[in-house]
Each structure stands twice: as structure tokens, then as C-alpha cells.
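**Q** Mind having a look at this structure? Questions to follow.
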Amino acid sequence: MKKNDQVRKIALDLLLKIGGEKGGYSHLTIDQAMKKYDLDTRDGALLTEIVYGTLQHKLTLEYYLNSFVNKKKKLDNWVKWLLYLSIYQMHYLTKIPDHAIIHESVEIAKKRGHKGIANFVNGVLRSVQRNGLPDLNEVKKEDKRISITTSHPNWLVNRWIKQYGIDITKAMCETNITHKQISIRTQPLKVKRTDLIKQLHEDGLKVRASEISEQGILIDQGNVLKHPAFDEHLFTVQDESSMLVAEMMDLSEGMTILDACSAPPGGKATHIAEKIRDKGTVFAYDLHEKKAKLVKKKAEQLGLTCIQTGQADARKLDQVHEKATFDRILIDAPPCSGLGVLRSKPDIKYNKEEADIKKLVSIQQEILESVALLLKKDGKLIYSTCTVNKEENELVIKRFLNENQRFIVDPLFFEELPIGLRNSQGLTEFGIQLFPQDLNSDGFFITRLTKKDSVK
């Protein structure tokens, strides 16, 4: 079997696993497959492109396919995914000729099914090649057109339109199907950002300094994961939106800090430790012991000693620590819908329903209510999520403030935002909602709470 043919077969297997009833996390599934089949860099890149691309554009591909298949004809799931990935390659990729894509798709159909199925696949793809794909501009209703052209479920598009308006929604959906900017965070106790930028430039990468974090570097060209500095743990791969969390915590050396909902690889916990120059104590908890150990491993790789990891339910941390223990608390709410990271995990948008969000909000509220008790009198609490959804973000904060009169949104939070975000379209009295199009990064919500001095 030719290498490209093998990649397409593996891609179909992965799409069936990720898009099937049991589901599967796209990024983890792809990583596992690359290791299992020992794919080289080129084949790994093709596999990633086909799987992510097909997932990103699933609803668009479904719309295209429906133009060539009788609605009454029932197709097996594997046949649908085979046609989706084939049409994706024919329409979105330019280096692979159509005849090669069609030939291999027919061969896969023969092996998985029978001659009749292979003939059907051949007929559909030949029709696509001959007639071209339908014009998406012919979809009249704007919400439906956004849904189909950007492959976002219609309920989600309408939800965002109600919350943020048509222009922000359209820009967000369009951004979600583009490649995301790669960014890294230097380990300042090991290397200066200016020195690492210089080294990367000398080694042929095109990079520039982030304006969001004094540790951040944006990678415009080149594979930074192949650079020796990666193996030397001189930097951590981290999204700019995620970097902003620790940057807005107003950290100082010697503080006692709680990362109530830490998660592997421990990006925020290790960033906090770096910001306090490894002088202080950072307690990082995850609901699962295995994940907490991965955070510990990351801290060790970066040479950080001030992080203490452990397994705990964030809603019960008041049974682990005394009240008023921490100078700073981070609640990076783990049970969130993840609607801000659809470029990295496109399967999320197909696996979520509106009913799921209400369940998440209840847990988020519980965590915030419980963990807030652990904050010192003059402390500050940061609440963040990797989602774009008012119910999980500003409405959670609004409800908490209404029920806890001692807390307010820290006014200094808005003054300390990076200059480029101080007039952001996502600013409200409850914090800042970063949209994917704002920084070409993940969608993220961040706010900072503190206690009133005079309220009893």
C-alpha cells in the first residue's frame, strides 16, 4: 500500500472513531495513531490535515454531499465519512490530484464493503469532479448560511447571534475554520525571551514577541517543536489567551496561590510559578490523580519546585485548606463547554447540546462559591473559561456577585489589561470575553474578583 493510501485509510478509521457514537478526542486520537503507525513528519502532517479538515468542515461537506445523493438513500456511517474526507481533499487541498483521491477512495470502499458500494462511491465523486460543488451563497437565510459555510450547528450560531450579534458571530465562525497561530511561553528562569527569539531567528524560524505576555513568542513560520529548545524545556506551547490568565493575576514573589482546577499539561500553574520566580507556593489540584501527576511532571521538566500537586474535587477544597489561606486563587473552570477552542478540537461543536450547558453552569457556580471562601481578605480571585458563552461566563459572575455582596470585580483589572485589549469588543462590567478573531487565538473569558474593604 502506498503511503498516501495508508494515510487515507487511517484517516477514515480515526474519523469513524471520533465522529461515532462513542466519540473520541480528536487531538488525542490523532497523536495515538501517529505513534502507533510510526508516521514520518510528512505523513503525519497529511493525516492531521485530512482528519482535522474533514471534522472542521463536516456540515459543509454534508451539505455538498446531499446535492449528489438521493435523500431517501441510506448510507452506512463509514461510507459517509469516506465521501466527506474525499470531497474535503478534492475541494480544499490542491497538491493531490482528483483522480488519485477518487481511485484510493474506491479501493477503500471495495475492501470495506463490496463492488456495489465501490461503484456508488466512484459515481458520486465523479459527479463532484464533473459538475463542481453547489454555491453556498444560494442559501438565503443568513443564520443557516453561516452554519453551513462555517460548519457550526445552527443552534450554536443562533445562540451566538442572540448573545453577541451577527457580525461578531460571523467573524467568530469564520475564524474557527482557519489555522490557529502557534505561540510559546519562555521559561524566564532558564532563558530570556530576547535571547530565544534571536536563536529561533538564526535557526530559520520567523517569530515575533507577543504583546499579551512578556514571556510570549508568536511563531509565524517554522516547526518550533523540532527545535532543540523544546527538548531543553526552555519554553512551553501555550495559547496567547491562556497566557493572559497568569498575566492578569497581579502576582508577586512569596505568595501562596491556589490553582483550583489545574489540568495537564499544567500551562497556567507553571506560568504562575514562573511569574513568582519559583519563590512562593502554588497548590495545583485536578479531579483526577493521573492528571495531577502530569502537571507535576511538567513542573519538573521546567525546573519548577514551588508547585504542589494533588487530586481533589474543587468543590471540596474548603475541606483541604482553611478559610482565607490564599493570596491569589485561579478557577479555570474545567467543566466548561469548550466553545472557545473549536479550532484545536473541532469535534466539540458537534458533540454539545444546549442542555449540556445548563449542567455545566451549575458545577461552575458550585466551584466558585466553595473556593471563594479560601481567599484572603486582600486577595484576588481569577475566574476564567475557554468558552464563548455568556451563561458560563459573565452570567456566572453576575449571579455570584449578587449572592456574595462582599465581592466585586476588581476595577484595576480593566486598567491592567494589555493596551490592545482595553477597548476590546468583548469587554463588559463583568470581565473580558476574548473572541477567536481578536488575537487569532482561543476564545476565552477572564475576570478578577476581590473583596470590598468595608462590607461586613
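**Q** Taking the conditions exactly as written (open to solvent by 40 Å² or more (accessible area, probe 1.4 Å), among the basic types (K, R), within 21 Å of D239 (Cα to Cα) and out of contact with any Asp or Glu (no Cβ under 9 Å at 6 or more places or on another chain)), does K144 satisfy them or not?
**A** When the stated conditions are applied, K144 does not pass them.
**Q** How many residues are more than 24 Å from the chain's Cα centre (by Cα) and open to solvent by less than 60 Å² (accessible area, probe 1.4 Å) if we restrict to segment 30-86?
**A** Residues flagged as more than 24 Å from the chain's Cα centre (by Cα) and open to solvent by less than 60 Å² (accessible area, probe 1.4 Å) within segment 30-86 amount to 11.
**Q** Sort through K170, K111 and tell me the only one that's over 25 Å from P346 (Cα atoms), out of contact with any Leu (no Cβ under 7 Å at 6 or more places or on another chain) and assigned to a helix (DSSP H, G or I).
**A** K111
**Q** Going by the structure shown, is T178 hydroxyl-bearing (S, T, Y), open to solvent by less than 20 Å² (accessible area, probe 1.4 Å) and closer than 19 Å to P346 by Cα?
**A** No: the conditions fail for T178.
**Q** Condition test on K190, is it in a loop (DSSP other than H, G, I, E, B) and at pLDDT below 95?
**A** Taking the combined requirement at face value, the residue does not satisfy it.
**Q** From the list K349, K345, exactly one residue is under 17 Å from the mean Cα position of the chain (by Cα), part of a helix (DSSP H, G or I) and farther than 25 Å from L317 by Cβ. Which is it?
**A** K349
**Q** Within segment 263-282, how many residues are touching a Ser or Thr at 6+ places or on another chain (Cβ under 8 Å) and either open to solvent by 10 Å² or more (accessible area, probe 1.4 Å) or part of a helix (DSSP H, G or I) (or both)?
**A** Within segment 263-282, residues that are touching a Ser or Thr at 6+ places or on another chain (Cβ under 8 Å) and either open to solvent by 10 Å² or more (accessible area, probe 1.4 Å) or part of a helix (DSSP H, G or I) (or both) number 9.
**Q** Same structure again: Out of (1) open to solvent by 30 Å² or more (accessible area, probe 1.4 Å); (2) part of a strand (DSSP E or B); (3) modelled with pLDDT of 95 or more; (4) not basic (K, R), the odd one out for E322 is which?
**A** Unmet condition: (2).
**Q** If you check every pair at least six apart or on different chains, which have Cβ atoms under 7 Å apart with a residue in segment 181-202 that is without any contact (Cβ under 8 Å) to a residue 60 or more places away in the chain first and a residue that is polar (S, T, N, Q) and open to solvent by less than 40 Å² (accessible area, probe 1.4 Å) second?
**A** Close Cβ pairs (under 7 Å, with a partner that is polar (S, T, N, Q) and open to solvent by less than 40 Å² (accessible area, probe 1.4 Å)) amount to I184/T236; I184/Q238; T186/Q215; R193/T186; R193/Q215; L196/T186.
**Q** Out of (1) touching a Leu at 6+ places or on another chain (Cβ under 7 Å); (2) in a loop (DSSP other than H, G, I, E, B), what's the single condition that is false for K95?
**A** Of everything listed in (1) touching a Leu at 6+ places or on another chain (Cβ under 7 Å); (2) in a loop (DSSP other than H, G, I, E, B), K95 misses just condition (1).
**Q** Pairs under 8 Å by beta carbon, first residue at positive phi in segment 246-272, partner open to solvent by 10 Å² or more (accessible area, probe 1.4 Å) and hydrophobic (A, V, I, L, M, F, W, C), six or more apart or different chains?
**A** The qualifying pairs are D250/L412; G266/L294; G266/I307.
**Q** Okay, moving on. Give me the pairs, please: first residue somewhere in segment 55-80 and closer than 20 Å to V106 by Cα, second residue anywhere and among the small types (G, A, S) and buried (at least 18 other Cβ atoms within 10 Å of the Cβ), beta-carbon distance under 8 Å, and either six or more positions apart or on two chains.
**A** L61/S151; N77/G19; V79/A109
**Q** For segment 208-249, how many residues meet the condition of being open to solvent by 60 Å² or more (accessible area, probe 1.4 Å) and either in a loop (DSSP other than H, G, I, E, B) or β-branched (V, I, T) (or both)?
**A** The number of residues fulfilling the criteria is 5.
**Q** Go through (1) surrounded by 19 or more Cβ atoms within 10 Å (Cβ to Cβ); (2) within 25 Å of the chain's Cα centre (by Cα); (3) more than 25 Å from K293 (Cβ to Cβ) one by one and return the number of the condition L205 breaks.
**A** All conditions are met except number (1).
**Q** In this structure, is L381 open to solvent by less than 30 Å² (accessible area, probe 1.4 Å), within 24 Å of the chain's Cα centre (by Cα), in contact (Cβ under 8 Å) with a residue 12 or more places away in the chain and under 19 Å from A273 (Cβ atoms)?
**A** So L381 passes the test.
**Q** Now for a separate question. Filter segment 397-432 down to residues that are in contact (Cβ under 8 Å) with a residue 24 or more places away in the chain and of a type in the set (G, A, S) and give me whichever is least open to solvent (accessible area, probe 1.4 Å).
**A** For segment 397-432, the residue satisfying everything is G431.
The values are calculated or read from the model by the stated rules, or taken from the named source; none is laboratory data. Computed from a predicted structure; not experimentally measured. Here Cβ is always computed from backbone atoms with ideal geometry, including for glycine, and neighbour counts include all displayed protein chains. Each accessible area value is taken on the protein alone, full model and side chains, heavy atoms only, with ligands, DNA and RNA left out. Shrake-Rupley method; radii C 1.70, N 1.55, O 1.52, S 1.80 Å.
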